[in-house]
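> My questions all concern the structure below.
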Amino acid sequence: MKRVACLICSGWATLLCAPAHAEFESSRLWVNAGFYSAHFDEGKGLRNANPGLGLEYRIDDTWSATAGRFINSDNARSSYVGAYYQPWRWGSVKLGVVGGAFNGYPKAFNGGWFPAVIPVATYESGHWGLNMALVPPLKDRLYGALSFQLKYRFVD
């Protein structure tokens, strides 16, 4: 739990505690329309299309801050806030984890907030990008999936 809190705080602290003279750069802001989740357990009648609205701000080549809201696999509304930490590269793909907090899953913590650290790969080119996350199953509370998040930035 301490590591999750440190990961989240580090990313947001970097963004919020930047020098006062630093300017917001619109070219670092990505917008997404939710997720598509390819669930490992297809027989549960889960929702694969998870529409919503999210933002991601690239702090530097390693860190990004993210937040958003979407309809989850249980057809409930979920919110998230977190930080991407991606220190490794494989060609044009950034590799690392996204750590954050989620809510809205009825079987997980009564729909309340809970921490998560998820492996993630990101590809970005021009105006378009794609985050791919491996969501591990958590007993009967959360269902495992390969999750895709298409994102767009208006400025190059």
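> Do the alpha carbons of any pairs in Lys94/Lys151; Lys44/Lys94; Lys44/Lys151 sit beyond 23 Å of each other, and which pairs? Let's see the in-between values first.
Details: Lys94/Lys151 15 Å; Lys44/Lys94 32 Å; Lys44/Lys151 28 Å.
Over 23 Å Cα-Cα: Lys44/Lys94; Lys44/Lys151.
> Which whole-number percentage describes the relative contact order of the chain, with Cα contacts under 8 Å and a sequence gap of 6 or more? Walk me through the numbers before you get to the answer.
Values: 371 pairs, mean separation 34.8, N = 156.
Value for the chain: 22 percent.
> Just to confirm the number: angle between the C-alpha axis of helix 2-16 and the first principal axis of the chain, 0 to 90 degrees, nearest 10?
40 degrees
> Something else now. Percentage of Cα-Cα pair distances in the chain greater than 20 Å, rounded to whole percent?
Values: 5834 of 12090 pairs.
Across the chain, Cα pairs with separations above 20 Å total 48 percent.
> Just to confirm my numbers, what's the Cα centroid distance between segment 118-132 and segment 51-76 in Å?
Value for the Cα centre distance between the two parts: 12 Å.
> Also, I was wondering about something else. Charges at C-beta only: +1 for Lys and Arg, -1 for Asp and Glu. How large is the resulting dipole of segment 2-152 about its Cα centre, in Debye rounded to 20? Could the numbers behind the result be given before it?
Numbers: 14 positive and 10 negative charges, 77 e Å.
My answer is approximately 380 debye.
Read-outs throughout are calculated quantities, based only on the coordinates presented, and are distinct from any laboratory measurement. Just so it is clear, the model here is predicted, and its values are computed rather than measured. Neighbour counts run over all protein chains shown; Cβ positions are idealised from the backbone, glycine included.
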